[in-house]
Amino acid sequence: MTFHVSPIEPAVLDVLRKLDDAGREPSIRIEDDEYGEPLRCCLRRGRPGERIALVSYAPLRRWARDTGIDPGAYEEVGPVFIHAETCDGPDSPAWPEELRGTRRVLRSYASDGRILGGCLLDGTTHLSERTAGDLLLDPDVALVHVRAVEFGCFLFEARRA
């Protein structure tokens, strides 16, 4: 299955940089770790000296608003890191190597906002891409969210190309 990986959309990022999905102003700091926080705006890790913001983000709420559905109880608000100022976004729609993690959960959602299932992946192989592609083979699956296991944070979305 051919699919593309999407960061948080630029227009949404502009809003989150002012007021996040929990109604708070972002918490901004200077990245000081060589490994860096995972940035959902450009799908790479932060680099020392970059200004990054921690914001609350509700991906299903925003998707539901755009598609006219109700995500119901599956709506989640969680923390994500983004650049504090506008950036150029990801270099590619391919799986972001810098955000590859040892443990990920992939959650699939129907076009009406219901969660259809999930897969826990433990390893750094290309199982994440294969699993996302396999999930998207199901015609009932509209999108797949990739999340970090330890913190449950939204990382990015995969949809059919």
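Enter the accessible area per residue of the stretch 19-161 (Å², integer; probe 1.4 Å; all protein chains in place). Walk me through the intermediate numbers first.
On the way: 7340 Å² over 143 residues.
That works out to 51 Å² for each residue.
Would you mind finding the longest exposed-site-free stretch of the chain, with exposed GluC sites (Glu not before Pro) meaning DSSP loop and at most 12 other Cβ atoms within 10 Å? Working shown, then result.
Working: sites that count: 34, 150.
The longest such stretch corresponds to 35-149.
Using a probe of 1.4 angstrom, how much of the accessible area of the chain is carbon and sulfur, in percent? Intermediate results must be reported in sequence, preceding the final value.
Working: 4280 of 8360 Å².
That share works out to 51 percent.
Taking the simple approach of a point 7 Å from Cα along Cα-to-Cβ for both residue 86 and residue 114, what is their distance in nm?
Result: 4.1 nm between the two label points.
Show me the trypsin sites (Lys or Arg not before Pro) within the stretch 29-88 that DSSP assigns to loop and that have at most 11 other Cβ atoms within 10 Å of their Cβ.
Numbers: sites: 29, 40, 44, 45, 51, 61, 62, 65; in loops: 40.
Answer in residue order: no site qualifies.
Taking Cα pairs under 8 Å and at least six residues apart, what relative contact order does the stretch 8-161 come out at, in percent? Let's see the in-between values first.
Details: 310 pairs, mean separation 30.0, N = 154.
Relative contact order comes out at 19 percent.
How far apart, in nm, are two points set 7 Å out from the Cα along the Cα-to-Cβ line at residue 151 and at residue 4?
If labels sit at residue 151 and residue 4, their model points lie 2.7 nm apart.
In square angstrom, rounded to the nearest 10, how much accessible surface does residue 119 have for a 1.4 Å probe?
40
In what order, largest first, do 151, 156 sit by accessible area if the probe radius is 1.4 Å? Before the final figure, lay out the partial values.
On the way: 151 170, 156 5 Å².
I get 151, 156, largest accessible area first.
Can you give the helix-only mean residue ellipticity at 222 nm for the chain, where every DSSP H stretch with n ≥ 4 adds -39500 (n - 2.57) and the sum goes over all residues, rounded to the nearest 500 deg cm²/dmol? Mind dumping the intermediate values first?
Numbers: 3 runs with 27 residues, N = 161.
Estimated from H runs of four or more residues: -4500 deg cm²/dmol.
Mind giving me the FRET efficiency for residue 122 and residue 14? R0 is 25 Å, r the Cβ-Cβ distance, nearest 0.05 is fine.
Values: r = 36 Å, r/R0 = 1.43.
E between residue 122 and residue 14, to the nearest 0.05, is 0.10.
With each pseudo-label sitting 7 Å past Cα toward Cβ, what's the residue 51-residue 138 distance in nm, one decimal?
Roughly 4.3 nm, to one decimal.
The values are calculated or read from the model by the stated rules, or taken from the named source; none is laboratory data. Here the structure is a predicted model, which means the values were calculated and not measured. Quick reminder, even Gly has a Cβ in these numbers, built from the backbone with ideal geometry, and neighbours come from all protein chains shown. Note: areas computed on protein heavy atoms with side chains; ligands, DNA, RNA excluded. Shrake-Rupley method; radii C 1.70, N 1.55, O 1.52, S 1.80 Å.
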